[in-house]
1. Given the criteria assigned by TED's automatic domain parsing to the domain that holds TYR357, modelled with pLDDT of 85 or more and either of a type in the set (A, V, I, L, M, F, W, C) or out of contact with any Asp or Glu (no Cβ under 6 Å at 6 or more places or on another chain) (or both), does ILE197 qualify?
2. Taking region 153-177, which residues are more than 21 Å from VAL82 (Cβ to Cβ) and among the β-branched types (Val, Ile, Thr)?
3. Select from region 103-119 the residues that are in a helix (DSSP H, G or I) and not acidic (Asp, Glu) and write down the one among them that is farthest from the chain's Cα centre (by Cα).
4. Within region 278-291, is even one residue over 19 Å from PHE160 (Cα atoms), touching a helix residue (DSSP H, G or I) at 6+ places or on another chain (Cβ under 8 Å), in a loop (DSSP other than H, G, I, E, B) and at pLDDT 85 or above?
5. Determine which member of the set SER293, SER282, SER328 is under 30 Å from ASN42 (Cα atoms), out of contact with any Leu (no Cβ under 8 Å at 6 or more places or on another chain) and of a type in the set (Ser, Thr, Tyr).
6. Select, from ILE281, ILE356, ILE268, ILE305, the only residue that is crowded, with 21+ Cβ neighbours inside 10 Å and of a type in the set (A, V, I, L, M).
7. From the residues in region 77-102 that are of a type in the set (Val, Ile, Thr) and assigned to a loop (DSSP other than H, G, I, E, B), which one is farthest from the chain's Cα centre (by Cα)?
8. List every residue pair whose Cβ atoms lie under 8 Å apart, where the two residues are 6 or more positions apart in sequence or sit on different chains, the first residue falls within region 194-207 and is among the acidic types (Asp, Glu) and in a helix (DSSP H, G or I), and the second residue, located anywhere, is surrounded by fewer than 20 Cβ atoms within 10 Å (Cβ to Cβ) and modelled with pLDDT under 95.
Amino acid sequence: MKNIPFSRILFNTLEINKLKKILKNQNSIYDSVNEFENNIKNFLNVDYAISTSNETQALHLALSAISLKRGDKVLMSVNSFVNIPEVVRHFDAEPIFVDINSYDMNIDLDKFEYILSQNISKKLRVAIISFIDGNLPDLNRIYRIAKKYNIILIEDATHFFGAKFDGKLIGSLGDSITIFSTIPSNNKVPVTTNGFIVTNNKNIASRAFNLRTNGLNTTYDNGNMDHIYDVIDIGYKYDITILDSFLGLCYLEKTNSIIKRRKEIASIYSKRLMNIEDIDISHNLDFNNNIFSQYIIKITKHRDIFSNVLRTKGIFTGLHYIPLHLMSYYRNKYHFKVNDYPNALNSYQKILSLPIYESLTNEDVEYICDCIVDISKSWE
């Protein structure tokens with residue numbers, strides 16, 4: 001029996017060489033953060049990139065940069081990771097959940113626009129759009145809606161660095177703010193947790209740069225007694241370490257190869273699991289646009305039992321995601337009922353995320369497929 005974890009830390013020759021550079025050439029390492037951010041800008045063809053120590057801090061910094069205030073309302077999919085509404089609540093602002101479409105588990109744009117049309121208020125300022133399962137929603141429509149209702153758009157593209165929409169890289173489209181991470185969903189690459197914001201909005205970027213380092217008006221030089229600095233705003237400590245910037249540079253170099261490998265794995269999954277009883281993979285067939293940051297299957301019956309049987313065979317799986325309205329904090333605070341978001345609830349009862357990361361071998365993938373097929377056949 002194999003032992004296939006849901007994720008693996010990747011640390012190979014590229015990372016080792018970067019670490020050697022840190023140790024051998026310390027005089028130049030202080031430029032690594034600038035190099036990391038410049039490489040992001042060049043890769044995406046954007047004006048500004050602001051790195052942070054993780055994606056949650058990137059989101060917090062973005063909301064700080066737009067001056068989110070107490071009582072402000074922020075639209076988001078109910079099928080998002082818990083850090084999205086959590087950061088909003090830290091501003092004492094209010095998350096407004098939107099149900100998903102039943103096909104690809106992204107935010108339902110009809111419901112999204114309807115809620116906006118019914119909430120004409122200066123307090124409804126922001127929408128955070130999370131991308132799920134490697135699939136992208138209709139971004140052109142989202143941009144039109146955001147412009148129509150004059151709301152600030154933040155794209156939660158945490159696991160979508162390198163993805164494209166209409167031939168253009170995510171993050172380079174429009175005036176939105178986009179949040180990325182150097183941790184693809186199932187792939188701890190490598191031992192770093194960088195997040196970063198990209199935008200073409202000069203005012204937002206300028207404020208974000210200032211807030212990132214305690215609101216200082218310039219970079220503080222601890223070794224210069226003549227250095228004068230000032231605090232011009234209430235900031236925080238969001239910036240990344242030198243080590244993280246070097247490992248982030250490794251991630252940028254590997255991005256395209258990571259996506260290529262995930263697509264190869266997804267191709268095996270899709271061919272092997274097509275037309276299998278009780279398994280729905282219909283949302284995983286777009287190999288032009290889907291970067292497969294997750295590979296989610298829908299199991300039409302006994303999902304939890306199915307997952308447990310896979311574990312007995314050494315295969316570990318995940319969930320993307322448990323709907324936010326089922327979480328105790330939000331359920332109790334906003335008095336949600338289980339059926340308030342029926343599409344998200346129905347999806348959650350079926351979904352199961354399979355391992356999909358660069359170091360997963362074809363033999364591993366075939367073994368996973370064999371086990372899924374065998375379990376399905378045993379239930380016929």
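The values are calculated or read from the model by the stated rules, or taken from the named source; none is laboratory data. Given the structure is predicted, the values throughout are model-derived calculations rather than measurements. Cβ atoms come from the backbone with ideal geometry, glycine included; neighbour counts cover every protein chain shown.
1. So ILE197 does not fit the description; no.
2. Of everything in region 153-177, just one residue is more than 21 Å from VAL82 (Cβ to Cβ) and among the β-branched types (Val, Ile, Thr), namely ILE170.
3. Ranking the candidates gives SER117 first.
4. There is at least one residue in region 278-291 that is over 19 Å from PHE160 (Cα atoms), touching a helix residue (DSSP H, G or I) at 6+ places or on another chain (Cβ under 8 Å), in a loop (DSSP other than H, G, I, E, B) and at pLDDT 85 or above.
5. Unique residue meeting the criteria: SER293.
6. Matching residue, one of ILE281, ILE356, ILE268, ILE305: ILE356.
7. VAL78
8. none
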